[in-house]
Amino acid sequence: MIAILLNRTFRHLFAAQVLSLLGSGLTTVALGLLAYDLAGADAGVVLGTALAIKMIAYVGISPIAGAVAAQFPRRSFLVTLDLCRAAMVLLLPLVTATWQIYVLVFLFQAFSAGFTPTFQATIPDVLKDEADYTRALSLSRLAYDLESFLSPALAFLLLAFMSFHLLFVGTTIGFLLSAILVLTVTLPSMRSGLAEIGFVARARRGMGIYLRTPRLRGLLALSLTTSTAGAMVIVNTVVYVKAYLSGTDQGVAMLMAAYGVGSMIVALVLPQVLDHIRDRSVMITGALVCVLMLAVTSAMPEFSMALAAWMAFGMGTALILTPSGRLLARSAHPDDRPALFASHFSLSHACWLLTYPLAGLLGAAFGLDVAFVVMAVLAAVGLVFAWVLWPASAGP
């Protein structure tokens with residue numbers, strides 16, 4: 001896996017991704033502290049609203065950004081979005097009211113909704129060999145999982161020496177360094193003919209390809225399963241540990257760590273697995289794991305059993321998420337990939353926009369036992385639709 005870092009272009013892009021992830025992670029920590037500074041006990045409401053705004057920006061802006069990307073050279077487009085994100089973060093310490101947080105969060109996430117799918121669509125053009133691209137996807141998955149550990153730890157160390165307002169400055173530096181790294185490489189360009197297509201046609205192009213392709217319709221159904229399991233983990237882990245298992249803050253951290261470890265294990269071994277097993281089989285297996293874990297978790301009274309379940313959740317979601325880039329790369333010509341990746345980014349986050357509040361509302365209104373059962377049924381619906389919409393005869 002590490003051998004692909006010998007490719008200079010990918011190495012610089014991967015370093016830019018890591019810096020971008022760390023920047024986003026530090027922003028999340030600093031934003032929570034800023035929300036408490038402004039809203040006190042209502043900070044949870046502020047953060048919940050910001051999370052909803054993030055998802056709305058992802059769902060609504062991504063297809064538009066995918067169409068806009070065709071108008072500009074990729075490198076210039078990515079660098080501009082990095083600079084815009086840096087500017088938005090730098091303004092956050094200056095806010096004096098919660099509505100200002102909402103405006104800046106929306107703008108920041110709108111720029112991210114343009115940057116992330118365009119960046120993801122660039123990698124298969126840089127690493128044209130599918131085996132290399134598969135390893136790049138696994139490395140990217142590892143980067144996401146490690147960020148969930150490293151960003152809070154780095155924030156903890158920095159806060160020992162500075163005000164949380166200065167975390168935003170550090171985040172800004174991260175995005176600036178990301179932009180510099182992107183500037184140091186030459187990225188494949190798209191044919192100029194695509195830019196001549198009307199804007200509305202470009203915006204619809206990626207969505208049309210997505211919804212006409214059996215493997216991608218299956219991927220959308222699997223995104224529902226992934227978001228259902230992920231939402232239960234992210235939203236209800238603290239409630240599960242403290243109210244259901246009578247655990248502690250350390251217990252919450254341990255379960256979240258187990259989730260990350262499960263995902264990292266899959267990221268390390270999956271390139272070798274995909275050399276021998278079809279993507280569809282791997283991803284269906286991951287969905288089945290998610291459904292089974294949701295169905296049995298409420299019957300696990302022991303913390304050790306919960307640790308195993310959360311690790312299984314991480315493994316199941318990673319089995320779905322990691323190969324998804326391969327499906328997208330196979331399903332379109334290079335010129336159409338930015339629009340296709342943007343469509344997936346939008347549709348997959350629409351699933352999260354549904355499951356995030358649903359996980360919280362079910363747990364609060366009916367208890368975690370009911371919430372796990374209902375979410376297991378919803379995840380099973382995604383699995384069944386994936387099985388039907390993406391038949392084995394449609395290809396890997």
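Any idea which of L268, L255 is surrounded by fewer than 21 Cβ atoms within 10 Å (Cβ to Cβ), modelled with pLDDT of 85 or more and part of a helix (DSSP H, G or I)? Full working, then the answer.
Values: L255 fails: surrounded by fewer than 21 Cβ atoms within 10 Å (Cβ to Cβ).
Result: L268 is the single residue among L268, L255 that is surrounded by fewer than 21 Cβ atoms within 10 Å (Cβ to Cβ), modelled with pLDDT of 85 or more and part of a helix (DSSP H, G or I).
Quick check on my filter: what residues within the range 61-97 are of a type in the set (S, T, Y), in a helix (DSSP H, G or I) and surrounded by fewer than 18 Cβ atoms within 10 Å (Cβ to Cβ)?
S76, T80
Scanning the range 140-179 for residues that are touching a residue at least 60 places away in the same chain (Cβ under 8 Å) and of a type in the set (F, W, Y), which turns out surrounded by the fewest Cβ atoms within 10 Å (Cβ to Cβ)?
Taking the candidates together, the pick is F149.
Tally up the residues in the range 272-306 that are surrounded by fewer than 19 Cβ atoms within 10 Å (Cβ to Cβ), in a helix (DSSP H, G or I) and at pLDDT below 95, please.
9
Considering each of L38, L34, L51, L21 in turn, give the residue that is within 30 Å of D132 (Cα to Cα) and in the same structural domain as S178 (by TED's automatic domain parsing).
Residue meeting the stated conditions: L21.
Cβ-Cβ below 8 Å, separation at least six or inter-chain, first residue in the range 91-111 and more than 13 Å from I53 (Cβ to Cβ) and assigned by TED's automatic domain parsing to the domain that holds D42, second of a type in the set (S, T, N, Q) and part of a helix (DSSP H, G or I): which pairs?
L92/T27
Need pairs with beta-carbon distance below 6 Å; first residue over 15 Å from F119 (Cβ atoms) and within the range 324-353, second among the aromatic types (F, W, Y) and at pLDDT below 90; sequence gap 6+ or separate chains.
H349/Y58
So which of I277, I284 is closer than 19 Å to W390 by Cβ, without any contact (Cβ under 8 Å) to a residue 24 or more places away in the chain, of a type outside the set (D, E, K, R) and assigned by TED's automatic domain parsing to the domain that holds L222?
I277
Within the bounds of the range 76-96, is there any residue that is at pLDDT 90 or above and among the aromatic types (F, W, Y)?
yes
If we scan the range 99-110, do we find a residue that is modelled with pLDDT under 85 and either touching a Leu at 6+ places or on another chain (Cβ under 8 Å) or β-branched (V, I, T) (or both)?
no
Out of L194, L245, L224, L187, I need the residue that is at pLDDT below 90 and under 19 Å from G363 (Cβ atoms). Which one? Before you say what the answer is, go through the steps one by one.
Values: L194 fails: under 19 Å from G363 (Cβ atoms); L224 fails: at pLDDT below 90; L187 fails: under 19 Å from G363 (Cβ atoms).
Only one candidate qualifies: L245.
Among all residue pairs at least 6 apart or on different chains, which show Cβ distances below 9 Å where the first residue, located in the range 289-317, is without any contact (Cβ under 8 Å) to a residue 24 or more places away in the chain and the second is polar (S, T, N, Q)?
Matching pairs, first to second residue: M305/T297; A309/T297.
Condition first: in contact with a Phe, Trp or Tyr (Cβ under 6 Å, 6 or more places away or on another chain), part of a helix (DSSP H, G or I) and either without any contact (Cβ under 8 Å) to a residue 12 or more places away in the chain or more than 22 Å from R280 (Cβ to Cβ) (or both). Can you find one or more residues in the range 383-396 that meet it?
No, there is no match, as no residue in the range 383-396 is in contact with a Phe, Trp or Tyr (Cβ under 6 Å, 6 or more places away or on another chain), part of a helix (DSSP H, G or I) and either without any contact (Cβ under 8 Å) to a residue 12 or more places away in the chain or more than 22 Å from R280 (Cβ to Cβ) (or both).
The values are calculated or read from the model by the stated rules, or taken from the named source; none is laboratory data. Here the structure is a predicted model, which means the values were calculated and not measured. Cβ coordinates were reconstructed from backbone atoms using ideal geometry, including for glycine residues, and neighbour counts include every protein chain displayed.
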